[in-house]
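Please read the structure below before turning to the comments.
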Amino acid sequence: MVLDCKHVWREISNYIDGVLDPSVRASMEEHLAHCRHCAAVLDSTHNILYLIADERTFTLPAGFSERLHARLESELEKSEPASR
Amino acid sequence: MVLVLGSQFAGCRLNSNETQSTTTTTTDPRPLTEAEMISRIIAGERELFYDLIKPCERAVFLTAFSVLKSEADAEEVVQEAALKAYKALGSFRGEAKFSTWLVKITLNEARMRLRRSRAESEVSLEEFVDDGDSDYTPAVLTDWREIPSEALERKELRALLRRGLDELPEKYREVLISRDVRELNIEETAQLLGISIGMVKTRLFRARLMIQKIVAPELRAQGKKYTRG
């Protein structure tokens, strides 16, 4: 199966997740080996996803836990959980 | 009175970014199960509720943030959701994990807040972004120089990535944060967001290409700075 660039872009997400049919995956790899544009799209997408998954990209706001605890402390005294 | 020694228990659905520890008592060093903690909270040990929700903080914050795009709004929604969960704890049947239940409550709260704020302002253009078969094109680059994770020490890189997420329409941001930030699997993402597995894959493909298109050109332009560390 010969894939064009557009087809490769559509499948990049599934390629990253490893959920592609083996024959489509092989065709993609064949395309990627010869198309530096698509290879750069794959590499950059993969790199960006790797960076956004890093816990340093999304940290809890400073004092988040303390404020949550304080809010709960002030409110929970006024109410009880519904019993079963 | 039971003294709470640890700060957490082993009940929340966690990924590598979401920390975990255990709660034990002076009389029993075995970590409490989720069901035991909930029973004891309902019986009056209110302070255990903090330990129940502590491991879920990052997950619920990210969920609220994925809808609202505002840290302050997300934080308020998390507080409301935690209170709601506490009050409704007696109705929690344990069919799902507590964390799944709490995240779902948070998602609903965040969506309700977003709907209220939209009703008060103009209708968002996001409403008109459909799931049709329109083309989604990435930023086509001639090459790519990998940005190492150490570069995340730079504030401007973190800001750039977050700006990229902010620019995504809500439905794509929700999927991307669930799948690629919280690292839920496709089935869990579908269940949380109430959409089909096929829809998760479609939105994920678009969300990933969109964020690549927004972020990659700038990252590439600044690549030398990031790769130098």
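Here the residues B:Met112, B:Met199, ranked from fewest to most Cβ neighbours within 10 Å of their Cβ, fall in the order B:Met112, B:Met199. Fewest neighbouring Cβ atoms within 10 Å first, the residues B:Ser149, B:Ser91 line up as B:Ser91, B:Ser149.
Exceeding 32 Å between C-alpha atoms, which entries from my cross-link table qualify? They are B:Lys54/B:Lys213; A:Lys6/B:Lys171; A:Lys6/B:Lys224; B:Lys69/B:Lys225. Before the final figure, lay out the partial values.
On the way: B:Lys54/B:Lys213 36 Å; A:Lys6/B:Lys171 23 Å; A:Lys6/B:Lys224 29 Å; B:Lys69/B:Lys225 28 Å.
Long pairs (Cα-Cα over 32 Å): B:Lys54/B:Lys213.
Write out the GluC sites (Glu not before Pro) in chain A meeting two conditions: DSSP loop, and at most 12 other Cβ atoms within 10 Å of their Cβ.
Numbers: sites: A:Glu11, A:Glu29, A:Glu30, A:Glu55, A:Glu66, A:Glu73, A:Glu75, A:Glu77; in loops: A:Glu55, A:Glu77.
The qualifying sites are A:Glu77.
What is the gain in length, in nm to one decimal, between B:Glu45 and B:Ser117 on full extension, counting 0.36 nm per residue of separation less the C-alpha to C-alpha distance? List each step's numbers first, then the result.
Values: separation 72, 0.36 × 72 = 25.92 nm, distance 3.66 nm.
22.3 nm is the gain from fully extending B:Glu45 to B:Ser117.
What the pair-distance distribution of the range B:34-120 shows, using all Cα-Cα distances binned every 10 Å from zero, is 18, 49, 25, 7, 0 percent. Principal axis extents of the Cα atoms in chain A, from largest to smallest and rounded to whole angstrom, are 67, 34, 16.
Laboratory data are not the source of any read-out in this text; all were calculated from the coordinates shown. Source: prediction; values computed, not measured. No Cβ is skipped: glycine too gets one built from the backbone with ideal geometry, and neighbour counts run over all protein chains shown.
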